[in-house]
1. Going through F112, F71, F76 one at a time, which residue ends up being in contact (Cβ under 8 Å) with a residue 24 or more places away in the chain, more than 20 Å from V181 (Cβ to Cβ) and in contact with an Asp or Glu (Cβ under 8 Å, 6 or more places away or on another chain)?
2. Name the helices (runs of 4 or more DSSP H) wholly within region 30-113 that hold at least 2 residues that are within 27 Å of L188 (Cα to Cα)?
3. Quick one: is V155 assigned to a strand (DSSP E or B) and at pLDDT 95 or above?
4. For region 14-40, which residues satisfy the criterion of being surrounded by 15 or more Cβ atoms within 10 Å (Cβ to Cβ) and in contact (Cβ under 8 Å) with a residue 60 or more places away in the chain?
5. Which one is modelled with the lowest pLDDT among residues in region 114-136 that are assigned to a loop (DSSP other than H, G, I, E, B) and farther than 12 Å from I216 by Cβ?
6. Could you say which residue among S225, S167, S210 is surrounded by fewer than 17 Cβ atoms within 10 Å (Cβ to Cβ) and either over 16 Å from the mean Cα position of the chain (by Cα) or small (G, A, S) (or both)?
7. Consider region 45-54. How many of its residues are crowded, with 20+ Cβ neighbours inside 10 Å and closer than 19 Å to F114 by Cα?
Amino acid sequence: MQGLILAGGLATRLRPLTLVTNKHLLPVYNKPMIYYPMEAMQKAGVKDVLLTTGGESISQFANLLKSGEEFGLHLFYAVQQNPKGGIPDAMKLAEELTKQEPLLVILGDNIFNFDLKKVIEEFEKTSEGAVIFGYRVKENQNQYGIIEVDDNGRVLSIEEKPEHPKSDIAQTGIYLYDHHVFEYIRTLKPSARGELEVTDLNNVYLQNKSLRCYVIDWWIDAGTSHEELLKANIQAAEMVKEGKL
């Protein structure tokens, strides 16, 4: 299993905090935001991890994370030339690293305490298809990608910000893909907003009836707004004090 952490983007919604600093380097309670996906990779048993970001930020990440040795990782870096290219566009940078191995993808602003190791071990037995991770949201379901699943965790549909959500399970930024992922990315077309969309990639696996979902207990996307960043700091502090993070 290879790892990929996506830490690019322009983070315009967090300005002025991000005018001179990549959002993934902002503090969340007692550590930089990027530490959380790094620690999740370590906990999951992944050793080789590629971090992608914009060219103006790569030296900042290298100064902070260095070789990844502090986390027990072999850390590599790559520059995403087009910060508006979308998640699958950034994922393409990992093709050479993975060498036909399965890939764990975590968005750099996702904070969670779910141990991915057991799911990865199950996935590696077949290394076929894809797994996405969901989180039950109590309100504003139409602000997320919504996942509809059956009783066995098989995904029935994914809709991006639906007017009439079919479930309360929001798609998080945590994904497991088999070696076909780069082949599928090459078939994607830019959406109306000019990006390659991860929901479109996941729908390829859905059409092939090879997409499953695990629902996790706690998750927050710390990089979407000032309010979510504040909430992430408060909740992370509480989780750390309770020994849950």
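The values are calculated or read from the model by the stated rules, or taken from the named source; none is laboratory data. Remember, it's a predicted structure, so these values are computed and weren't measured experimentally. Neighbour counts are summed over all protein chains in view; Cβ atoms, including those assigned to glycine, are modelled from backbone coordinates with ideal geometry.
1. F71
2. Counting at least 2 such residues, we get 87-91, 95-98.
3. yes
4. Correct list: L14, K23, H24, L26, V28, Y29, M33, I34, Y36, P37, A40.
5. Applying the filter and picking the extreme gives S127.
6. The match here is S225.
7. Adding up the residues that qualify gives 2.
This table checks each residue for (1) buried (at least 20 other Cβ atoms within 10 Å of the Cβ); (2) over 30 Å from Q100 (Cβ atoms); (3) touching a Leu at 6+ places or on another chain (Cβ under 6 Å).
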residue	(1), (2), (3)
Q171	yes, no, no
Y214	no, no, no
E242	no, yes, no
L245	no, yes, no
